[in-house]
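The values are calculated or read from the model by the stated rules, or taken from the named source; none is laboratory data. The model shown is predicted, which means the values in this text are computed figures rather than measured ones. Backbone-built Cβ (ideal geometry, glycine too); neighbour counts: all protein chains shown. To get the accessible areas, we keep the full protein, side chains included, count just its heavy atoms, and leave off ligands, DNA and RNA. Shrake-Rupley method; radii C 1.70, N 1.55, O 1.52, S 1.80 Å.
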Amino acid sequence: KRYIEPTIVLNPSLNSKLMQEEIFSPIMPIFTVSSVEEAKAFINAMPGTPLGLYVFTKSERVFRSVIDGCPAAGSARNDVMIQAGSVYLPFGGLGSSGYGSYHG
């Protein structure tokens, strides 16, 4: 039986293989930043368009600022599974990432 347990990688090197390819596994890189503006600049400096943008915040204003300022195929607040967990929500890509539909 193959199993990869969910893993969080805190502040991985941007040169690491983890950060050089799309991630389709239960491995989640987490980056710490000092401000919302720093977070948006960091996201927008990455090549391509993210398939998912997960924003963890209590603030609706912060959430809106991030999703309005950072293009992504899908966005979620305080959740990482909602798109994949429902067959009723679309889950496809944008730009060079994730063409098609996750649910077929």
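Miscellaneous remarks
- Being surrounded by 13 or more Cβ atoms within 10 Å (Cβ to Cβ), of a type in the set (Val, Ile, Thr) and touching a residue at least 12 places away in the same chain (Cβ under 8 Å) holds for only one residue in Ile27, Ile4, Ile8, and it is Ile27.
- Index of the failed condition, Thr57 passing every other in (1) open to solvent by less than 40 Å² (accessible area, probe 1.4 Å); (2) at pLDDT 85 or above; (3) in a loop (DSSP other than H, G, I, E, B); (4) over 22 Å from Pro6 (Cβ atoms): (4)
- Every residue from segment 32-50 that is open to solvent by 60 Å² or more (accessible area, probe 1.4 Å) and not in a helix (DSSP H, G or I): Thr32, Val33, Ser34, Pro47
- Of everything listed in (1) touching a Leu at 6+ places or on another chain (Cβ under 8 Å); (2) of a type outside the set (Ser, Thr, Tyr); (3) modelled with pLDDT of 80 or more; (4) exposed (fewer than 13 other Cβ atoms within 10 Å of the Cβ), the single unmet condition for Ala76 is (4).
- Some residue of segment 53-63 being touching a Leu at 6+ places or on another chain (Cβ under 7 Å) and either of a type outside the set (A, V, I, L, M, F, W, C) or in contact (Cβ under 8 Å) with a residue 12 or more places away in the chain (or both): no
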